[in-house]
Amino acid sequence: MNERDQTRDKYNPQAIEAKWQAFWEQNSSFRATESDPRQKYYLLVMFPYPSGRIHMGHVRNYTIGDLIARFQRLRGYNVLHPMGWDAFGMPAENAAIKQNTHPRAWTYHNIDTMRRELKSMGLSYDWQRELATCNPDYAHWEQELFLKLYEKGLVYRKLSQVNWDPVDQTVLANEQVIDGKGWRSGAAVERKELSQWFLKITAYAEELLEGIQQLESGWPETVRSMQTHWIGKSHGLEFAFPIEGRSETLPVYTTRPDTLMGVTFCSIAAEHPLAKEVAARNPAAQQFILSCQSAGTSEEAIERLEKKGFDTGLRAIHPLTQQRVPIFIANFVLMNYGTGAVMAVPAHDQRDFEFAKSYQLPIRVVIQPLTETLTSDRMTAAYTGPGILCNSDRFDGLETEVAKQKIIETFVEMGIGRATTQYRLRDWGISRQRYWGNPIPIIHCPACGLVPVPVDQLPVRLPEEVELLGQGNPLVRHPSWKECRCPRCGQAAQRETDTMDTFTESSWYFLRYCCPDFQGPLDPQRVNHWMPVDQYVGGIEHAVLHLLYARFFHKALRDCGLVACDEPFSRLLTQGMVRKDTFRCPEHGWRYPEEVSQQGDGLCCIACSAPIQVGRNEKMSKSKQNVVDPNDIIQGYGADTARLFMLFAAPPEQDLEWNDHGVDGAWRFLNRLWRMVQEVAALPYQPPARSMPQEAALRLLRTKTHETIDKVTRDVQRFQFNTGISAVMELVNAVQEWLNPATASDRSPELLALLREAAEAAVILLNPYVPHVTEELWQLLGHAQPLCQHQWPVVDPEALQRDEITLVVQVNGKLRARLTVAAAADQAVVEAAALAEPAVQPHLAGRSIQKMVWVPGRLLNIVVR
RNA sequence: GCGAAAGUGGCGAAACUGGUAGACGCCCUGGACUUAGGAUCCAGUGCCUUCGGGCGUGGGGGUUCAACUCCCCCCUUUCGCACCA
């Protein structure tokens, strides 16, 4: 038997996949060009960070993206489906410290590995548009974009807080702070203020918020809701408390002016100027502020703190009652929201309530709910709902919403406050004190101040020789890199040593894909040909930060004239995580799946034979050792099986549970498909059927074929890829029944045509899911043109007309019988048949019929009493 | 702490606008077959049952002729929280 015959007999994914990957590459099957007359479709998947190898999360993301890309190609679109590398970032630097490699070498090595792995999955990328963000070319155009934003006034510097490791003298990322300690040094982390670069995302807060409405039909509700809350628009009152015995005042912002008469103290952030001033002459206050600064900078860490405060001894004067209330420094007040100071109303704010309880501060009820009467001494929690004002002097009796307006009006009339709109959204700090990022192209001149690097001198390149020790900023420590001349006055000056946040690169890569070879940041003509992205696919973990930054950056570039559309991503699909059981050995801790063996009913550790505890299903991660290497699956079963399993096991938005048996099931289905098509291809040739036959059994087969086409088409469009597969499985099962030996003797040309139509439909419908095996089967069915250039099948509406339907008879909503009737049967006919049904009659005996609920095509419900 | 989701057989899931709960697949059980394969084929497979039927979608209430689906309360799990990407 020669090799070709062998591949014809048995499904051999390794041979088939290599063959078709080579074919697509040689024929540039997935090149996308702007000159193509067909309508464009831009399918974008979130580019990966080149961490070393691909993981199951990538496989899932890119399988989903590829399915949609291939589907839209078959539907006749000119599809742009690019891939690249989010190549700057901390892991390269960490690897450099640990293994003494250069970040660039490490990164490019990983890219080579991962590109090879992605290619083995048979993804239909236009690889000619591949880009890596660490490439000097990409960095160059990004620096130019930065300067454009700088000119537009969207870039500025201000002091802000960082996590500081006092031992390594370095800034730590939030994830590098573990239980308040630096991950490498173990030293207690301090908060420190540094002058940092910011992008004015807040200038676009309102537009970013309004834009969310535009995305209503294309973005998941959950992501829109998270972004809305993140932007956090609120309306409220801004006013200032006079401070007893002082000329300056304490400005505050509140969204609850209706609770104004319930203020019993004020809280200020540890970084508030007033707090600093108090600390300067009060060592105890200084001590307290220091203790606040040991918390780390993440909002989560701050909000989980035990609420603590320090009485400054200062007294604020209530602007309406002239009452004196204490001013506390509090560890939970954020300096970067509002004014860094809040009026505290313990009766109607939970944090203030807890704070008041621990410091024995008075609680004053000023809102009464409609259902009960609150008294301060019996409250166990703050009441934050609506109600009627009390203890509020002239505002008593007002409803909360009315009171808010009235009190704001009062402040405005008295000239001591104003209605303001506030956003929770903060400006985007892009400064990183790290080596492996894009340099900020600014020069600090002692005479001229901040001077942008002239465009013709870009890019600012990172020094190749660098010492990475995990201490300090490598660019500051470099002996000569930062030294330069001021472009304006020629004097000795210094380069900015901060590099940009890597979210900057991911904020415009989708625009660069449109014109990857353009000598300039962006070619508006080509960008506008492809933009906006028609479908974006990526992990739900990017719901807020990446997707909000990219929307902002895109709008800023629009205002620079580089792109026309307002929103970059018309539709968004967020896929869930890939999870797996965790295995734990009492002796050896977390165990990889291959370190565990089956022993009777349970599992045991291969090293010590101790029984394994099977833990919860968790996100695949190296730390929990519950990872499955995609390469093992691809090498063992082939990429098509891996893809099919991923798409079949769960709908894309849901978390996917890895299951070895499920992979076997996917493998077996592909073998079933393979055998079925082989058998059909071996039958005497008849062109595929194009019209309905007469015989009922044959009519049913054609109906099944077209119902499947209809269902898969709709399912793919609504991202229900798993049910699309089940539909094709049913079709394959139906065809297989006609291929059984029992019916082999009687195969009319009509049947042969119907079988071929069904087999071809199954192959085309599955092509976006499992592209290699379907190309091979398509060829086997005698087609000279590759399937990737074919068209998606069209439903014959006549074939969807069922002759008979089954409907349900209920009595009082309980199912009592099923009736098979002519599809056109009306209510009267069905009622008569239902009442005559033996299974129905006992439930009617001795009762009177109240009414009949008739749902055409579905059910008849007989309501009796 | 704040914000956002998700809970359906032994398992992954399905049920499109309130109208047959469990499609499709896995596991398992019984049988057939043999070119002993990663087999394949046939049958069964929510729970209980006196075989009439009864009960079932995290728990508790409600709306409706009819609720996995809509409303209220509770429980559990997951994701994000601005320097991981």
Please list, ordered by first then second residue, the pairs with beta carbon atoms under 7 Å, 6 or more apart or interchain, first in segment A:159-171 and free of Cβ contacts under 8 Å to residues at least 60 places away in the same chain, second more than 9 Å from RNA strand B (Cβ to nearest atom) and among the β-branched types (Val, Ile, Thr). A:Trp164/A:Val189; A:Asp165/A:Val189
Subset of segment A:405-433 that is charged (D, E, K, R) and in contact with a Leu (Cβ under 8 Å, 6 or more places away or on another chain) - its residue that is nearest to RNA strand B (Cβ to nearest atom): A:Asp427
Restricting attention to segment A:62-75, report how many residues are more than 16 Å from A:Leu644 (Cβ to Cβ) and not in a loop (DSSP other than H, G, I, E, B). 4
If a residue must be farther than 10 Å from A:Gly296 by Cα and within 16 Å of RNA strand B (Cβ to nearest atom), how many such residues does segment A:147-172 contain? 13
Would you say A:Glu737 is out of contact with any Asp or Glu (no Cβ under 9 Å at 6 or more places or on another chain), outside any loop (DSSP other than H, G, I, E, B), acidic (Asp, Glu) and closer than 30 Å to A:Val59 by Cα? no
Looking only at residues that are open to solvent by 60 Å² or more (accessible area, probe 1.4 Å), farther than 14 Å from A:Thr806 by Cα and in a strand (DSSP E or B) in segment A:818-853, which one is farthest from RNA strand B (Cβ to nearest atom)? A:Ile849
So which of A:Glu303, A:Glu244 ends up being exposed (fewer than 14 other Cβ atoms within 10 Å of the Cβ) and within 16 Å of RNA strand B (Cβ to nearest atom)? A:Glu303
Per the filter on segment A:776-809, residues surrounded by fewer than 24 Cβ atoms within 10 Å (Cβ to Cβ) and either in contact with a Pro (Cβ under 6 Å, 6 or more places away or on another chain) or in a helix (DSSP H, G or I) (or both) are A:Trp778, A:Gln779, A:Leu780, A:Leu787, A:Cys788, A:Gln789, A:Pro797, A:Glu798, A:Ala799, A:Leu800
So A:Phe510 clears everything in (1) open to solvent by 10 Å² or more (accessible area, probe 1.4 Å); (2) under 24 Å from the mean Cα position of the chain (by Cα); (3) within 24 Å of A:Arg461 (Cα to Cα); (4) away from RNA strand B (no atom under 12 Å from the Cβ) except one condition, right? Which one? (1)
State whether the residues of segment A:768-775 include one that is hydrophobic (A, V, I, L, M, F, W, C), at pLDDT below 95 and within 16 Å of RNA strand B (Cβ to nearest atom). no
Across segment A:458-512, what is the number of residues that are of a type in the set (A, V, I, L, M, F, W, C), in a loop (DSSP other than H, G, I, E, B), under 18 Å from A:His140 (Cα atoms) and out of contact with any helix residue (DSSP H, G or I) (no Cβ under 7 Å at 6 or more places or on another chain)? 1
Suppose we keep only residues that are more than 15 Å from RNA strand B (Cβ to nearest atom), open to solvent by less than 70 Å² (accessible area, probe 1.4 Å) and out of contact with any Gly (no Cβ under 8 Å at 6 or more places or on another chain) within segment A:207-239. Which one would you say is farthest from A:Val263 (Cα to Cα)? A:Gly218
Only one residue in A:Thr259, A:Thr249, A:Thr297, A:Thr255 is touching a His at 6+ places or on another chain (Cβ under 6 Å) and either β-branched (Val, Ile, Thr) or open to solvent by less than 60 Å² (accessible area, probe 1.4 Å) (or both). Which one? A:Thr259
Test for A:Gln471: is it open to solvent by 40 Å² or more (accessible area, probe 1.4 Å), of a type outside the set (Val, Ile, Thr) and within 16 Å of RNA strand B (Cβ to nearest atom): yes
Would you be able to tell me the number of residues in segment A:105-131 that are open to solvent by 50 Å² or more (accessible area, probe 1.4 Å) and under 30 Å from A:Ile64 (Cα atoms)? 9
Output yes when any residue across segment A:824-839 is small (Gly, Ala, Ser), under 29 Å from A:Thr705 (Cβ atoms) and at pLDDT below 85, and no when none is. yes
Quick check on my filter: what residues within segment A:385-417 are touching a helix residue (DSSP H, G or I) at 6+ places or on another chain (Cβ under 8 Å), part of a loop (DSSP other than H, G, I, E, B) and crowded, with 16+ Cβ neighbours inside 10 Å? A:Gly387, A:Ser392, A:Leu398
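So that you can scan it fast, the table gives a plain yes or no per residue for (1) away from RNA strand B (no atom under 11 Å from the Cβ); (2) open to solvent by 50 Å² or more (accessible area, probe 1.4 Å); (3) closer than 27 Å to A:Ile16 by Cβ; (4) modelled with pLDDT under 95:
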site: A:Met620; (1), (2), (3), (4): no, no, no, yes
site: A:Ser623; (1), (2), (3), (4): yes, yes, no, yes
site: A:Asn626; (1), (2), (3), (4): yes, no, no, yes
site: A:Asp629; (1), (2), (3), (4): yes, no, yes, yes
site: A:Ile633; (1), (2), (3), (4): no, no, yes, yes
site: A:Ala639; (1), (2), (3), (4): yes, no, yes, no
site: A:Arg643; (1), (2), (3), (4): yes, no, yes, no
site: A:Leu656; (1), (2), (3), (4): no, no, yes, yes
site: A:Gly662; (1), (2), (3), (4): no, no, yes, yes
So, first residue touching a residue at least 12 places away in the same chain (Cβ under 8 Å) in segment A:793-811, second residue more than 9 Å from RNA strand B (Cβ to nearest atom) and among the polar types (S, T, N, Q), Cβ within less than 6 Å, six or more apart or across chains; the pairs are A:Ala799/A:Thr703; A:Glu804/A:Thr820; A:Thr806/A:Thr820
Using the structure shown, decide if A:Ser195 is in a strand (DSSP E or B) and open to solvent by 40 Å² or more (accessible area, probe 1.4 Å). yes
What single numbered condition from (1) at pLDDT below 95; (2) within 15 Å of RNA strand B (Cβ to nearest atom) fails to hold for A:Tyr62? (1)
If the requirement is being away from RNA strand B (no atom under 15 Å from the Cβ) and out of contact with any helix residue (DSSP H, G or I) (no Cβ under 7 Å at 6 or more places or on another chain), which of these qualifies: A:Gln368, A:Gln286, A:Gln350? A:Gln368
Residue under question is A:Gly313, and the condition is that it be of a type in the set (Gly, Ala, Ser), touching a residue at least 24 places away in the same chain (Cβ under 8 Å) and part of a loop (DSSP other than H, G, I, E, B); does it hold? no
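The values are calculated or read from the model by the stated rules, or taken from the named source; none is laboratory data. Treat the numbers as computed from the prediction; the structure is a model and nothing was measured. Every residue, glycine as well, gets a Cβ built from its backbone with ideal geometry; the counts of neighbours run over all protein chains shown. When the accessible area is computed, the model is the full protein with side chains, heavy atoms only, and any ligands, DNA or RNA have been set aside. Shrake-Rupley method; radii C 1.70, N 1.55, O 1.52, S 1.80 Å.
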